[in-house]
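Structure first, commentary second.
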Amino acid sequence: MPRLANLISIAAVLLAAVIFGWLFFRPAVSMPLPTQNITRVTIGTTAVAVEVADTDAVREQGLSGRAALGEGSGMLFVFDVPGNYGFWMKDMHFSLDILFADENGKIVSIYRDLSPDSYTKSPPEVFYPASPSRYVLEVPAGFAASHSIEEGMTFKVEP
């Protein structure tokens with residue numbers, strides 16, 4: 001009987017090691033945008049399904065490390081107060097348009113077709129709004145042009 005108990009103990013330890021290894025050493029996989037914390041931003045007649053980044057940790061991570069962003073989707077950064085928040089392309093794998101909007105949703109700056117290569121420059125490029133912004137919308141590169149979105153337009157955030 002003691003020998004069977006030893007074999008069961010060894011099997012349990014090996015199983016735990018395999019599970020641990022799978023959980024912590026598997027290759028990173030690009031995940032689609034989660035379904036929670038999703039809302040919609042509308043600019044004119046154009047709607048964008050967005051993941052909301054409203055904490056420091058989520059804002060810092062942003063879209064870094066993701067493989068792509070689908071057409072009609074984006075990430076909305078929401079700040080407690082308007083400010084001149086800088087954005088960069090650290091660990092990005094695709095190009096973006098970045099739209100900065102004030103506390104009323106009025107678009108004050110648009111950066112178009114930003115390449116991940118902008119972060120590899122020395123020093124890395126950081127993009128700031130023309131005036132204090134409370135909202136920042138990141139969408140796939142070319143989105144603003146293909147939907148005729150311009151500075152001065154207003155977007156609405158919807159649940």
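The values are calculated or read from the model by the stated rules, or taken from the named source; none is laboratory data. Just so you know, these numbers come straight off a predicted model, no measurement behind them. Counting neighbours? That spans all protein chains shown, and the Cβs are built from the backbone with ideal geometry, glycine included.
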If you go through the range 147-156 one residue at a time, do you hit one that is touching a helix residue (DSSP H, G or I) at 6+ places or on another chain (Cβ under 7 Å), surrounded by 13 or more Cβ atoms within 10 Å (Cβ to Cβ) and either modelled with pLDDT of 95 or more or more than 17 Å from ALA47 (Cβ to Cβ) (or both)? no
Within the range 79-113, of all residues that are among the aliphatic types (A, V, I, L, M) and at pLDDT 90 or above, the one surrounded by the most Cβ atoms within 10 Å (Cβ to Cβ) is LEU99
For the range 126-145, enumerate the residues that are touching an Asp or Glu at 6+ places or on another chain (Cβ under 9 Å) and within 20 Å of PHE94 (Cα to Cα). LEU137, GLU138, VAL139, PRO140, ALA141, GLY142, PHE143, ALA144, ALA145
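Which of the strands (runs of 3 or more DSSP E) contained wholly in the range 90-159 include at least 2 residues that are within 13 Å of PHE77 (Cα to Cα)?
Hits in the range 90-159: 96-101, 133-140.
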